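One structure is given here, and the rest of the page talks about it.
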Amino acid sequence: MRLRWMFLGVLLLAAFVLSEESTRTRSRYRGRLRDTPTAASVRSQTTVANTVGRRRLANSNRARVRPQAQSGASPRIRRPSLRRPSSKDSSNDVATSDNGGHKLVCYYTNWSQYRAKIGKFLPEHIDPFLCSHIIYAFGYMKKGRLTSFEANDESKDGKTGFYEQVNGLKKQNPKLKTLLALGGWSFGTKKFKDMSSSRYARQTFIFSAIPFLREHNFDGLDLDWEYPKGQEDKANFVVLLKELFEAFEAEANETGNERLLLTAAVPVGPDNIRSGYDVPAVSRYLDFINVMAYDFHGKWENTVGHNAPLYAPSVDSEWRQQLSVDHASNLWAKLGAPKEKLIIGMPTYGRSFTLVNAGQNNVNSPSSGGGEAGKYTGESGFMAYYEVCEHLRSGGEYIWHEEMQVPYMVKGKLWVGFDDERAIRNKMKWLKKGGFGGAMVWTVDMDDFTGEACGGGVKYPLIGVMKEEMLGIPRGGQDVDWASVTRTRVASVTTLPPPVAIDPMLVIKEFKERQQQIAAATERIDVIPQVPRNAPKILCYYTSWSVKRPGAGRFEPEMLDASLCTHVIYAFAGMKDYRLAPGEPSDIGDGFKEGTYTRLMKLKEKNPNLKIMLALGGWAFGSKPFQELTENQFRMNGFVYDALEFLRTHEFDGLDIDWEYPRGADDKANYVNFIRELRLAFEGEAESTGHSRLLLSAAVPASFEALAAGYDVPEISKYLDFINIMSYDFHGQWENQVGHNAPLLPLETASSYQKKLTVDFSVREWMKQGAPAQKIMVGMPTYGRSFTLANVTQFDIGAPASGGGSAGRYTQETGFYSYYEVCDFLFEDNTTLVWDNEQQVPFAYRGDQWVGFDDERSLEVKVDWLKTEGFGGVMVWSVDMDDFRGNCGTGKYPLLTTLKENLSNYSVALTYEGPYENTGTLDGTSAKRDPNEVVCAEADGHISYYPDKQDCTRYYMCEGERKHHMPCPVNLVFNYDQTVCDWPENVPGCETAIPAGR
């Protein structure tokens, strides 16, 4: 029996060993090289200053020209890019959960596809089992929204894009995570400054990023802002990360998807870290922090220094001794970053110099600039690891620096500081001992991805070493023994040249002069509004269903008299999937007939000062959609920023919220939050774009009970431009006695409760609770409420009623008459018209039919009362129920005309001092700079591009604060959206910029 169990154990052990070996074999991935035509390139040289901790793209100003029409691609010249690439093959899955939590994060650059010969790198070269995370560099930002950069990033025209190819690697390795990076050195800092500067700009970006990442199957976002500087940037970066993290969490909760990851690439220069990063706060929101532990020294200096020394040499000055992987990484930890979140950068490239004297080649020796450009990466002062290997194998001397624990190479006057397998092994041991979270590779495409350049026969030798040392997964093959390949030695110690004296007062003076120049260039100019701010408002609701009324009741947008209203509010929009949407199919149009939105906007041709807003909500819409929308911050913010785009797309001037009605503490708080988010977004968009700010109003109840139950009046008053009090529907068919629709004042004999059901009491109650008089728009109905009398001999206010009156001929609703239907009622024989002297309104009856309504006289009385109280204007429900055909006998729109005439000599006292009352963006006032002036205000030599608005064939390149006026190649014009020189037909406004025959 015992022998049987022993035999079974041997069999199980053998099966386990075979299974392990099989797994290793199956998981080895070999990429297939495809024959893909390369783009021709035009090169131009631009010298750009650099500083400690900067990540640079090689060949920073390379122009790319696409092939002519045979390939079907539109020819373009692309100017900027800055970073360099190359990588491939390895075996065994990197699963962070199985390896002590360490991560191996590899950046892949989308411009590595343009390198020549063995440098050319495509997504198919990536081994899906090489890294735990792949970060695709870079995406782009257009109009504040996340988008792609390269033309072939996204799949189109039947061609599989690089996004899809990279994310397709997850089919082979489901544990692999992919992220999209935004930023980089050539991206500059200004776009990040603008995007993070306001809640509007941040939320616009966030709610573009989430669907973009999901659409392309990325698992997260990596922010590479190089770099935030100063207290404002520091605070804004934290807020940006906080809002991104909260949105990612909310989206995951809402959809059930795994939360998107949030990471950042951060600098190693001590000044950059301290001036731009609130480290504890940043660490709170990031899943991990990619420390760019390289570029400590480079061609921007006048002495040679290593790209990424583990330790600084002892002869360095006190300040320069901060410039090492060890110091920078531990500084991040010292300032508050958890070590397990710190992913330490490992470069697969080196920085090169040209020595002043080939015989003087130790560290800190004098240099005259960058070394010769790499054969494949093409940037002076920069070489991929495989390019360094080629130099070593063709006569370069390998020198190991014991203090720094890294090698460098000397070949004549060429000096290159780089990392090899020995240096990486040392760094991995240091990393594990220090308790850091893992290694970050810049970049996967600059390792020896073919395994042919360095001579070891191993693909990805550097990344393979990281995987082996950090994760315990054997790489295979042997490290290159450089002593068997070329001359080698151990470096001797040198000292730095004496420091150069700088006059600090001169530096301060130059800085102040530059700041004054920038401030003068960005001086704001205001567009003076045509309508006085203190003019009373006449807000006219127009209902989408009025076009469906039969016969003479049918109301088309063109029937609206644009001169009678200051604002038209179109009721109502809809909401689909918590996003603003058309309320009717006819709102948008179908290609054959113009939509209602477009037809409404044409009213501005008759009255350029007319503002047209869109209303959402209403009685039929109900309260529940608003409750569901506002109880979830992610849904609500998504609505806000989508609504903003919807309003701009359809040229509306604002949004009216008609939530009927918030009730209870939760609704009350959520309503305030909703209104606040909308206003902040509207303010931010106006500030960012120079557009007139979108208006924000709300229709609110007249009922004192609904007011108390759902409205924090002082708070919402801060954010609303207009408070449209629905001071009507005080009585109607839901009651068992007749009462007026909108009495100004109460009856003397009314109960204390009934005395509160008047226009006067309701509006005063809103003001008593904190609504500014200047923002209150008093509701004026162009309709009446009707009843059927229970006893035809009792017809005064309070008489018994058996229900609503007969339905109107056109409005076709029981208990309801439009004003033109009231006129028809009055014209009937035996109709009695009564003026109620107490309530200051008319009513009429005939037989058992009774109707209370407003006419010219009652509206004139209400306007006089309104002016006495100092209110801001009137809101009319609705323009399509006035006598728009003139059938009542006093001309078209008698009620609206009365309101306009009686408000014509009235000015509103603007006494309210809320937080947004003097922002200078209401009713056409906007903050703008000269649209043709280009001001270069980038920091530290960052490069950015701007159009020449006077000449499509030229553009401006800002190199820090230096401005260059650049031409596009012949027959091309500048495409600002894509930052390329492009065919004229691809650039709106420049289609005819190139004369025929050129």
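When you check L539 against the structure, is it within 30 Å of N905 (Cα to Cα), modelled with pLDDT of 95 or more, not basic (K, R) and not in a strand (DSSP E or B), yes or no?
no
Return a yes/no flag: does the stretch 716-737 have any residue that is aromatic (F, W, Y), surrounded by fewer than 23 Cβ atoms within 10 Å (Cβ to Cβ) and closer than 22 Å to L910 by Cβ.
Checked the stretch 716-737: at least one residue is aromatic (F, W, Y), surrounded by fewer than 23 Cβ atoms within 10 Å (Cβ to Cβ) and closer than 22 Å to L910 by Cβ.
What about D864, is it in the same structural domain as R549 (by TED's automatic domain parsing), part of a helix (DSSP H, G or I) and in contact (Cβ under 8 Å) with a residue 12 or more places away in the chain?
Judged against the criteria, D864 is a match.
Scan the strands (runs of 3 or more DSSP E) fully inside the stretch 789-848 and keep the ones with 2 or more residues being over 20 Å from V861 (Cα atoms). Let's see the steps before the verdict.
Values: elements: 801-804, 816-818, 832-836, 841-846.
Output list reads 801-804, 816-818, 841-846.
Quick check: is even one residue across the stretch 547-564 surrounded by fewer than 21 Cβ atoms within 10 Å (Cβ to Cβ), out of contact with any Phe, Trp or Tyr (no Cβ under 8 Å at 6 or more places or on another chain), outside any loop (DSSP other than H, G, I, E, B) and of a type outside the set (D, E)?
For the stretch 547-564, residues surrounded by fewer than 21 Cβ atoms within 10 Å (Cβ to Cβ), out of contact with any Phe, Trp or Tyr (no Cβ under 8 Å at 6 or more places or on another chain), outside any loop (DSSP other than H, G, I, E, B) and of a type outside the set (D, E): present.
If you check G378 against the conditions, is it over 17 Å from A308 (Cβ atoms) and either within 39 Å of the chain's Cα centre (by Cα) or not in a strand (DSSP E or B) (or both)?
Yes.
Could you check F652 against (1) part of a loop (DSSP other than H, G, I, E, B); (2) in contact with an Asp or Glu (Cβ under 6 Å, 6 or more places away or on another chain) and say which number it fails?
(2) is the only condition that F652 fails.
Sort out which residues of the stretch 478-490 are farther than 14 Å from R422 by Cα and touching a residue at least 24 places away in the same chain (Cβ under 8 Å), and write them in order of number. Reasoning before the result, please.
Of the stretch 478-490, the ones farther than 14 Å from R422 by Cα are 484-487, 489.
Hits for the stretch 478-490 are V485, T486, R487, R489.
Report whether or not S186 is part of a helix (DSSP H, G or I) and assigned by TED's automatic domain parsing to the domain that holds S275.
So S186 fails the test.
Output the number of the condition that A358 fails; it satisfies all remaining conditions of (1) touching a strand residue (DSSP E or B) at 6+ places or on another chain (Cβ under 7 Å); (2) surrounded by fewer than 17 Cβ atoms within 10 Å (Cβ to Cβ).
Looking at each condition in turn, A358 falls short on (1).
Scan R214, R199 and give me the residue that is modelled with pLDDT under 95, among the basic types (K, R) and outside the structural domain of F634 (by TED's automatic domain parsing).
Exactly one of R214, R199 is modelled with pLDDT under 95, among the basic types (K, R) and outside the structural domain of F634 (by TED's automatic domain parsing), namely R199.
Quick one: S186 ticks every box in (1) within 24 Å of T689 (Cα to Cα); (2) surrounded by fewer than 20 Cβ atoms within 10 Å (Cβ to Cβ); (3) of a type outside the set (A, V, I, L, M, F, W, C) bar one, so which box is it?
(2)
Restricting the search to the stretch 707-750, which residues are within 37 Å of the chain's Cα centre (by Cα) and closer than 28 Å to G804 by Cβ?
Within the stretch 707-750, L707, A709, G710, N724, I725, M726 qualify.
Among A137, A116, A73, which is out of contact with any Ser or Thr (no Cβ under 6 Å at 6 or more places or on another chain) and modelled with pLDDT of 50 or more?
Working: A137 fails: out of contact with any Ser or Thr (no Cβ under 6 Å at 6 or more places or on another chain); A73 fails: modelled with pLDDT of 50 or more.
Of A137, A116, A73, the one residue that is out of contact with any Ser or Thr (no Cβ under 6 Å at 6 or more places or on another chain) and modelled with pLDDT of 50 or more is A116.
Residue by residue through the stretch 387-427, note down the ones that are of a type in the set (V, I, T) and under 14 Å from A453 (Cα atoms).
Correct list: V388 only.
If you go through the stretch 832-852 one residue at a time, do you hit one that is touching a Lys or Arg at 6+ places or on another chain (Cβ under 7 Å) and more than 18 Å from G739 (Cα to Cα)?
no
Which residue pairs have Cβ atoms closer than 6 Å, lie 6 or more positions apart in sequence or on different chains, and pair a first residue in the stretch 135-154 that is within 22 Å of L169 (Cβ to Cβ) with a second residue that is among the charged types (D, E, K, R)?
Taking only residues 6 or more apart or on different chains, the pairs are I135/D222; S148/E154.
Would you confirm whether any residue within the stretch 755-770 is touching a Gly at 6+ places or on another chain (Cβ under 8 Å), touching a residue at least 12 places away in the same chain (Cβ under 8 Å) and more than 26 Å from D864 (Cα to Cα)?
No: zero hits.
Given the criteria of a type in the set (S, T, N, Q), at pLDDT 85 or above and farther than 30 Å from R599 by Cβ, does Q478 qualify?
yes
Would you mind telling me which numbered condition in (1) buried (at least 22 other Cβ atoms within 10 Å of the Cβ); (2) more than 23 Å from A773 (Cβ to Cβ) F871 fails?
Among (1) buried (at least 22 other Cβ atoms within 10 Å of the Cβ); (2) more than 23 Å from A773 (Cβ to Cβ), F871 violates only (2).
Please go through the stretch 667-707 and give me each residue that is out of contact with any helix residue (DSSP H, G or I) (no Cβ under 8 Å at 6 or more places or on another chain) and either outside any loop (DSSP other than H, G, I, E, B) or of a type in the set (A, V, I, L, M, F, W, C) (or both), ordered by number.
Listed by number, the residues that qualify are A669, A686, T689, S697, A699, E705, A706.
Exactly one of these conditions fails for E258: (1) over 23 Å from V105 (Cβ atoms); (2) among the acidic types (D, E); (3) touching a helix residue (DSSP H, G or I) at 6+ places or on another chain (Cβ under 7 Å). Give me its number.
(1)
Look through E249, E232 and report the one residue that is more than 27 Å from L104 (Cα to Cα) and either part of a helix (DSSP H, G or I) or free of Cβ contacts under 8 Å to residues at least 24 places away in the same chain (or both).
E232
Does G336 qualify as being surrounded by 24 or more Cβ atoms within 10 Å (Cβ to Cβ) and touching a helix residue (DSSP H, G or I) at 6+ places or on another chain (Cβ under 9 Å)?
Judged against the criteria, G336 is not a match.
Which pairs have Cβ atoms under 7 Å, sit 6 or more apart or on different chains, and link a residue in the stretch 885-907 that is closer than 18 Å to V861 by Cα and in contact (Cβ under 8 Å) with a residue 24 or more places away in the chain to one that is among the aromatic types (F, W, Y) and part of a helix (DSSP H, G or I)?
L895/Y819
In the stretch 810-845, what residues are touching a helix residue (DSSP H, G or I) at 6+ places or on another chain (Cβ under 7 Å) and without any contact (Cβ under 8 Å) to a residue 24 or more places away in the chain?
Of everything in the stretch 810-845, those that are touching a helix residue (DSSP H, G or I) at 6+ places or on another chain (Cβ under 7 Å) and without any contact (Cβ under 8 Å) to a residue 24 or more places away in the chain turn out to be T831, L833, P842, A844.
Can you tell me which residue among K143, K120 is within 17 Å of N975 (Cα to Cα) and assigned by TED's automatic domain parsing to the domain that holds I473?
Details: K120 fails: within 17 Å of N975 (Cα to Cα).
Exactly one residue qualifies, and that residue is K143.
With the requirement that a residue be among the acidic types (D, E) and closer than 20 Å to H102 by Cβ, what does the stretch 155-184 give you?
None; the set is empty.
The values are calculated or read from the model by the stated rules, or taken from the named source; none is laboratory data. Everything quoted here is computed from the prediction, not taken from an experiment. Note: ideal-geometry Cβ built from the backbone for every residue, glycine included; neighbour counts use all protein chains shown.
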